[in-house]
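Following: one structure in C-alpha cells, then a few remarks.
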Amino acid sequence: METTPNLQVYDLGLAASVLDRIRLVQTVDRLVGPRPGEKVSTGMALKAAILNVLGEWALRRGLAETGSSLPDGKGRPTQRPTLRWVFGLFIWVRLVELEGRPLVLNLAPHHETAVRLLGAGRSSRDFCGFFFHGPKRAHVQVTPESPVLTVFP
C-alpha cells in the first residue's frame, strides 16, 4: 500500500522565494540553453510546475481534512480539483465600487472555501481578506429597462 508523505505547504510565496534563492530558473535555463521562439523559458516552466503541484497538494489536503468540496465542471462536489479549475471558478467574481462602497459580486461559498484553503485571507491587508472582512456580498442586476446598476444584498 502506498503511503502519502506528510507534506506541509504553508505559503506558496515562501516556496517561490526558496526557488528564487537557489536560482532554479537560471540554473535550468543555463543547462538547457536558449530556445528560439520560446515565450516561457524551461526554468520558468519548471518553477510554475513545482508551485502548481505544491498548491494543488495543499488545496486537496485541506479539502480532505475539512471534509469540504468544490464544484467540478458539472457542478458535482469534488475533493480533487486542479488549481487551473479552481482559479477558473473566480472568473466572474468582481470587485466594484458603488456610491463609495466597495462590493464583491458573484461570490459564492465555494469561493470562500477555496480562498481559505489556499491560505489567503490571513490578514485584512491581504486582498483576499477583503472578501471576508470588507463589504457584504451582493448580486447586481442590469436590465434594458433599468440602465442603472441595481444591487441586491
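No lab work stands behind these numbers, since they all come straight from the coordinates. Since we're looking at a predicted model, the values are computed, not measured. Please note: Cβ atoms are built from the backbone with ideal geometry, for glycine as well, and neighbour counts cover all protein chains shown.
Quick rundown of the values:
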item: Cβ-Cβ FRET estimate between GLU38 and SER17, R0 fixed at 30 Å, reported to 0.05; result: 0.75
item: Label-point gap, in nm, between PHE87 and ASP72 - each point 7 angstrom along Cα→Cβ; result: 2.2
item: Amide hydrogen neighbours beyond the local backbone of LEU98, cut-off 5 Å, H modeled; result: LEU103
item: In Hz, Karplus ³J(HN,Hα) per residue of segment 75-81 (6.51, -1.76, 1.60; θ = phi - 60°; x = Gly, Pro); result: x, 7, x, 9, 10, 10, x
item: Net charge, LEU46 excluded, C-beta distance under 14 Å - Lys, Arg +1, Asp, Glu -1; result: +1
item: Long-range amide H partners of LEU118 with built H, under 5 Å; result: none
item: Gain upon complete extension [GLN79, ALA64; 0.36 nm per residue less C-alpha separation]; result: 4.8 nm
item: Phi to ³J(HN,Hα) by Karplus 6.51 cos²θ - 1.76 cosθ + 1.60 over segment 67-74, Hz, x for Gly, Pro; result: x, 8, 8, 10, x, 8, x, 9
item: Cut-off under 5 Å, modelled amide H: who pairs with THR78 long-range; result: LEU70, ASP72
